[in-house]
Amino acid sequence: MKKIPILKLHDYLLVSIQTEIDDQTAMQFQEDLLQKIHVTGATGVVIDLTSVDMIDSFIAKVLGDVVTMSDLMGATVVLTGIQPAVAMTLIDLGIHLQNVPTALDIEQGLVKLHQELGA
Amino acid sequence: MEKSCVSIKIELDIVAARQLGRELAKQVGFSVVDQARFATAVSELARNIYLYADQGEISFDIIKNMNQSGLRLTATDKGPGIRDISQVMQDGYTTSGGLGAGLPGVRRLMDDFDIISEENIGTTVTVVKWKR
Ligand SMILES: Nc1ncnc2c1ncn2[C@@H]1O[C@H](COP(=O)(O)OP(=O)(O)OP(=O)(O)O)[C@@H](O)[C@H]1O
Ligand SMILES: [Mg+2]
C-alpha cells in the first residue's frame, strides 16, 4: 500500500495525488486526512487530481465521503485539476459531485478557499 | 486474435487489470477519453468480481469486423450470480453500500453490453468498445 503525502500550508492542507490509487490507499488516505485536519485544525484542503487518469465509482465515493467528513470537521475541501477525460467518465457513471467545490488548478483552488472561507 | 487475461483474487488485481486494459486501449488507438472509459469499465467489473464473487477472471481481446476494430472485455466469475438483472442495472442499486453506479455506468461507458447470470452458478459480463 502506498501513502499519499499531505502537506501543511498555513491554515490549509495540500494533497497532490501522484500514484495509481488502489482501494487500500484510498481508504488510508481518507483516514490520514481526517486525522491531519484534527491535529492541525486546518480550515481548508486542496486535493489536486491532475495526475489521476481514472476515477471509478469506488474512488468517487471515497472522494465524496472525504469532502463530507472534512466538512463535518470544519474544513472545506476543493478538488482541483480533474482531467477532461476523467470528468467525462464520471458523467457516464452518473456521478455528478454537485456539492463539491472544484477549481482548475491548485492556485485557483487556493483562491477558491480564500473566497469560501472569507479569509 | 490476441487474448490476454488477468485473474482477480486480491484487491490489487483490480489495479493490474485496469492498467492492462488501459495499455490495450492505447494499443488499439483509442482516444484519451475512450482509454479512460475503458479503464474505468475494467475497474468496475473487476471490483464487482472481487466484492461479490470473491474471485474470477477478466479477459481482453482485440476484435475486428469489416471496417472497425475494438476491444472486448469479458468479466467472468463463479460467484453467487444475480437474480434480478433489471434491478442491478438501475442507477443507485447496491447491496454493499456503494454508489450503485458500476453496472449501469459500464453500460453507458461502453458501446455493447451483455450480462448473463445464473444464481449459484455465476456471472459473465461482456462489453465492447469500438474505435472511433
Ligand atoms: N459479479 C457479480 N456477482 C454477483 N452480484 C453482483 C455482481 N456484480 C454486481 N452484483 C450485484 O449488483 C449490484 C450492483 O452492482 P454495481 O456495480 O452497479 O453497484 P455496486 O457495486 O453496489 O456499487 P459501485 O459499483 O457504485 O461501487 C451489487 O451491489 C451486487 O449486489
Ligand atoms: Mg460495483
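What is the mean projected area of the alpha carbon convex hull for the range B:4-130, to one decimal in square nanometres? Provide the component values of the computation, followed by the final result.
Numbers: hull surface 29.2 nm².
Averaged projected hull area, Cα only: 7.3 nm².
Going by amide H atoms built from the backbone, whose H comes under 5 Å of the H on A:T80, apart from near neighbours?
Placed amide hydrogens put A:I47, A:D48, A:L49, A:A103 under 5 Å from A:T80.
In the protein assembly as shown, with Lys and Arg counted as +1 and Asp and Glu as -1 at Cβ, which of these residues, A:H114, A:V66, B:M66, has the Cα nearest the positive end of the dipole, that is, farthest along it?
B:M66
Mind grabbing the accessible area of B:R72 for me, 1.4 Å probe, Å², rounded to tens?
Spelled out: B:R72, probe radius 1.4 Å, area about 70 Å².
Can you give the average number of partner chain beta-carbon atoms within 10 Å of each beta-carbon in peptide A:57-65, as a whole number?
4
Taking a probe of 1.4 angstrom, what is the accessible area of A:H10 in Å², to the nearest 10?
150 Å²
Placing unit charges on C-beta atoms (Lys and Arg positive, Asp and Glu negative, everything else neutral), compute the dipole magnitude of the protein assembly as shown about its Cα centre in debye, rounded to 20.
440 debye
Could you work out the relative contact order of chain B, using alpha carbon pairs under 8 angstrom and six or more residues apart, expressed as a whole percent?
Relative contact order here is 26 percent.
What's the average, rounded to a whole number, of partner chain beta-carbon atoms within 10 Å of each residue's beta-carbon in A:1-8?
0
Considering lysine pairs in the protein assembly as shown that are 8 or more places apart or on different chains, how many have Cα atoms under 26 Å apart?
29
Over chain A, average the accessible area per residue using a 1.4 Å probe and give it in Å², no decimals.
Each residue of chain A exposes 49 Å² on average to a 1.4 Å probe.
Rounded to the nearest 100 Å², what's the accessible area chains B and A bury against each other, both chains counted, probe 1.4 Å?
Values: alone 7450 and 6750 Å², together 12330 Å².
Interface area, both chains combined: 1900 Å², rounded to the nearest 100.
Under a 1.4 Å probe, what is the accessible area of the range B:4-130 per residue, stated in Å²?
Result: 46 Å² per residue.
Select from B:A101, B:A17, B:A53 the residue whose mean-square fluctuation is largest in a Gaussian network model of chain B (Cα-Cα springs shorter than 10 Å).
Of the options given, B:A101 has the highest mean-square fluctuation.
With only Lys, Arg, Asp and Glu charged, each at its Cβ (+1 for the first two, -1 for the last two), find how big the charge dipole of the range A:6-117 is about the Cα centre; round to the nearest 20 debye.
Magnitude of the dipole: close to 320 debye.
Before rounding to the nearest 500, sum -39500 (n - 2.57) across all DSSP H runs of length at least 4 in chain B and divide by the residue total; then give [θ] at 222 nm in deg cm²/dmol.
That calculation yields -10500 deg cm²/dmol at 222 nm.
Report the residues of the range B:69-108 in range of a label on B:D61: point 7 Å along Cα→C-beta, backbone N strictly under 17 Å from it.
In the range B:69-108, the label zone of B:D61 (backbone N under 17 Å from the point 7 Å along Cα→Cβ) covers B:69-77.
To the nearest 10 square angstrom, what accessible area does B:V106 show with a 1.4 Å probe?
Counting only protein heavy atoms, the figure is 0 Å².
If packing is taken as the average count of other Cβ atoms within 10 Å, what order do B:109-119, A:85-95 fall into, highest mean first? Mind dumping the intermediate values first?
On the way: B:109-119: 15.9, A:85-95: 19.1.
The packing order, highest mean first, is A:85-95, B:109-119.
Find the eigenvalues of the gyration tensor of the Cα atoms of chain A, then list the square roots of 5 times those eigenvalues as equivalent ellipsoid semi-axes, largest first, in whole angstrom.
21, 17, 13
If I take R0 = 35 Å and measure r between the Cβ atoms of A:Q108 and B:D111 in this structure, what FRET efficiency does the formula 1/(1 + (r/R0)^6) give, to the nearest 0.05? Could you put the intermediate results ahead of the total?
Numbers: r = 35 Å, r/R0 = 1.01.
E between A:Q108 and B:D111, to the nearest 0.05, is 0.50.
Before anything else, pin down the relative contact order of the range A:6-117: Cα pairs under 8 Å, at least 6 apart, normalised by residue count, whole percent.
Numbers: 159 pairs, mean separation 29.7, N = 112.
That works out to 27 percent.
Using the Cβ atoms and a cut-off under 13 Å, what net charge is assigned to the surroundings of B:L20, where Lys and Arg are +1 and Asp and Glu are -1?
-2
The values are calculated or read from the model by the stated rules, or taken from the named source; none is laboratory data. Keep in mind it's a predicted model, so treat the numbers as computed, not measured. Neighbour counts are summed over all protein chains in view; Cβ atoms, including those assigned to glycine, are modelled from backbone coordinates with ideal geometry. The area values use the complete protein model at the heavy-atom level, side chains included, leaving out ligands, DNA and RNA. Shrake-Rupley method; radii C 1.70, N 1.55, O 1.52, S 1.80 Å.
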